Amino acid sequence: MTLPIAQLGAEVLRRVAPEVRDIDTPQVQELIDRLFATCNEARGMGIAAPQVYADARIFIMSSKPNDRYPNAPLMQPTAIINPEIIAYGGTIDKDWEGCLSIPGIRALVPRHTHLHVRYATREGEHVERVFEGFLARVFAHEFDHLEGTVFIDRVESTRDIVTEREFRRIIGV
Ligand SMILES: [Zn+2]
């Protein structure tokens, strides 16, 4: 059920993904199931369709505390389809991010603390809501994947990029 994960350098990670026209098809529903399985197996906080070589504006958000993100809130894995960012709010905060497509690297990434967003669910319902803090960060990171952008594109300085081993030393795990 899981899918191979594209790594940095793969062309698919640099494309703008097209909108999903019809959510209620077996192909789209199966892709969502496989994204959930892949995200779960890789212990990610999210995964976007381009990361599994699929050209579609779909990503999964999934958040629970672990040793790398001890302060992550609990959020049931959720499929986000054809997302839009309506407004950016709050302040800009720098915090650590990693990516399943860029293994072994962590970086401090500036992001807005609040995002007002709209998206469709896998049942085709339209949802409008505000994410804040860690979840706003996950949403923004995954949304970037649909635009062909990765988190290291967003660093203020290459000095904010560290290896996983040094990251663990810095945060003390
Ligand atoms: Zn990523």
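The values are calculated or read from the model by the stated rules, or taken from the named source; none is laboratory data. Since we're looking at a predicted model, the values are computed, not measured. Don't worry about glycine lacking a Cβ; one is built from the backbone with ideal geometry, like all the others, and counts go over all protein chains shown. For accessibility, only protein heavy atoms count, side chains too; no ligands or nucleic acids. Shrake-Rupley method; radii C 1.70, N 1.55, O 1.52, S 1.80 Å.
Using 0.36 nm per residue of separation minus the Cα-Cα distance, give me the extension gain between Glu19 and Ile105 in nm, one decimal.
28.0 nm
Under a crude label model (7 Å from the Cα following the beta-carbon direction), how far is Glu11 from Ala37 in nanometres?
Between Glu11 and Ala37, the label points sit 2.8 nm apart.
How far apart, in nm, are the 7 Å Cα→Cβ label points at Glu84 and Glu30?
My value for the distance between the label points is 3.1 nm.
If you roll a 1.4 Å probe over the heavy atoms of the protein chains, what accessible area per residue do you get for the chain, in Å²?
Working: 8920 Å² over 173 residues.
Using a 1.4 Å probe on heavy atoms only, each residue of the chain averages 52 Å².
For the pair Ser157 and Glu123, how long in nm is the line joining their label points, each one 7 Å along Cα→Cβ?
Distance between the two pseudo-spin positions: 4.9 nm.
Of Ala6, Ala49, Ile161, which is farthest on the positive side of the dipole of the chain, counting Cα position, with +1 on Lys and Arg Cβ, -1 on Asp and Glu Cβ, and the Cα centre as origin?
Of the candidates, Ile161 comes out farthest on the positive side.
How many angstrom lie between the C-alpha centres of region 1-27 and region 105-173?
Distance between centres, Cα-based: 18 Å.
Under a 1.4 angstrom probe, counting protein chains only, how are Tyr119, Tyr69, Tyr88 ranked by accessible area, largest first?
On the way: Tyr119 15, Tyr69 35, Tyr88 135 Å².
Result of the area sort, largest leading: Tyr88, Tyr69, Tyr119.
If you wrap a convex hull around the alpha carbons of the chain, what volume per residue comes out, as a whole number of Å³? Please report the intermediate quantities before stating the final value.
Working: hull volume 18.8 nm³, N = 173.
It comes to 109 Å³ per residue, whole-number rounded.
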